[in-house]
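Below you'll find the structure, written out as structure tokens, and then a few comments.
The values are calculated or read from the model by the stated rules, or taken from the named source; none is laboratory data. Bear in mind the structure is a predicted one, so any value in this text is a computation, not a measurement. Cβ sites come from the backbone with ideal geometry, for glycine too, and all protein chains shown count toward neighbours.
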Amino acid sequence: MRSLVLSAAIAAFLLGAGYSSAQDSTPAISAPCIEIKASANTNIEDKRKSLNDEAGDIKAQIANLPDGKEKTALDQRLRRIQEKLLDLVFELECDRSDLTIQVLRGPNDPPTQWIELTTYFATNRKSTGNSAPEDFFGTERAGDNQYGKTIVSIPTARKLGDMNLPSVWRLELSPDPTKHFVFKQVVPLDATNAVSEISKAISQSKKSSLLIFVHGYNVSFEGAALRTAQLAHDLSFPGAAMFFSWPSMGTTKGYWRDEETVQLSEAAFDAFLDKVAGLGASEVYIVAHSMGNRLVTTVLRDRASKGKTIPNLRELMLAAPDINADIFREKILPGLAALDVHRTIYASSSDVALRASKVVHDYRRVGETDGGVLTFNGFETIDATAVAPIIRAFGHSYVVDSAKVLGDIADTLYLHFNADQRSLPKDGTPPAQWWVLK
């Protein structure tokens, strides 16, 4: 009973008095679909089937060819077809008429104000020489990690899970801090000063804790800073928040380059974790998203094999992991078994981006439940399909969009509850069981 009361108290604190989750009574167009709906042509499904057939024929030809010019030409042709298929996956989702946006309703809006939130960062992106925060770091890799802090202003007149940004569709040409998230400043720090300042921020916080966010594919440095600030704010995180930003291209068609870049960032992330180990945090929480899960799980596996630990690592959360499920089960999972940490996977069948990833790879991803929920030894898998709104990133960013997911993360972080203690409904049969967020 005590645990249920605490859980309810946390949820009430996060949601705010008087707020509840509801669906709009009329279908609403999600933000990423507006432009697509304005330009998409008809017969999308016919085009998808035609491209799938063409891709299948090319794959069959490639399988029977030796390395050479003909095979290279077919590989390039297949890549162009897969790029078109990626676009069509998103167009098909926008063409659905049954999608609604999850809306949080309350009796009154809070005062029209904003707050400024400081988060720390490590990145192996090269700086551009441009002082504008949104252009401070580019998409090329640097030789060493760079450290610093970012300042983001967040409007208080917003609903939990919203990340309001200026929209040309609403004729908003510049950000208004009373309405929008504003990326205000990047402050570089050398490694020594960064460690000193972050350690001080941790020691002076309520829980002496550190939250680390690692972003995924198609995310700019600015996007990583905004998402980290939102996550820390919406969780009312009682410690220091930090993110690691690897050099994603920040574009939809940069998927293949991002795959190679995230792999090339493993040494940089490992060096970052060496710094984290010396920060003196009493509790460390890692939240990885999308392709960022490949970076986090691979490096943690390799560190475990070498006996390199992160003191007081309490939680490893894999949100919408874009990882080949077979590779995860066979090559990554055994190495993570040595880590003494609570592990959670958030997955969803509403995640269009992971369905697109499967189009490219022909293999299921860890974070998708389309075709059945995947379970893995040592991890609690949470099926978030029912509470994963298609608001941004085609249902791929529900870890920060969904009030229910945020509330569940809060119960895990603050109360150290496992899924059973959080009173989540259980599905499946032993040993392949999972929990459902509703």
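Inside region 230-250, can you point out the residues that are hydrophobic (A, V, I, L, M, F, W, C) and in a helix (DSSP H, G or I)? Correct list: LEU231, ALA232. Of all the numbered requirements in (1) surrounded by 18 or more Cβ atoms within 10 Å (Cβ to Cβ); (2) at pLDDT 95 or above; (3) not hydrophobic (A, V, I, L, M, F, W, C), ASP302 misses one, and that requirement is (1). If you check SER199, SER205 for being outside the structural domain of GLU83 (by TED's automatic domain parsing), small (Gly, Ala, Ser) and outside any helix (DSSP H, G or I), only one passes: SER205.
Out of THR252, THR178, THR261, one residue alone is β-branched (Val, Ile, Thr) and over 30 Å from LYS84 (Cα atoms). It is THR178. Checking each residue in region 212-225 for being outside any loop (DSSP other than H, G, I, E, B) and crowded, with 24+ Cβ neighbours inside 10 Å picks out ILE212, PHE213, VAL214, PHE221, ALA224, ALA225.
Kindly indicate whether any position in region 78-99 is modelled with pLDDT under 65 and more than 30 Å from TRP256 (Cα to Cα). Yes, region 78-99 contains at least one residue that is modelled with pLDDT under 65 and more than 30 Å from TRP256 (Cα to Cα).
May I ask you to list the residues in region 314-356 that are in contact with a His (Cβ under 8 Å, 6 or more places away or on another chain), modelled with pLDDT under 95 and part of a strand (DSSP E or B)?
Let us first name the residues in region 314-356 that are in contact with a His (Cβ under 8 Å, 6 or more places away or on another chain), namely 314-316, 319-320, 324, 342, 351-354.
Next, from what is left, pick out any that are modelled with pLDDT under 95: 319-320, 324, 351-354.
Scanning region 314-356 gives ALA319, ASN324.
Where strands (runs of 3 or more DSSP E) fall wholly inside region 107-189, no range has 2 or more residues that are modelled with pLDDT under 95 and over 24 Å from ALA240 (Cα atoms). In the set ALA63, ALA55, only one residue is exposed (fewer than 14 other Cβ atoms within 10 Å of the Cβ), modelled with pLDDT of 55 or more and either under 16 Å from GLN82 (Cα atoms) or of a type in the set (Gly, Ala, Ser) (or both); that residue is ALA63.
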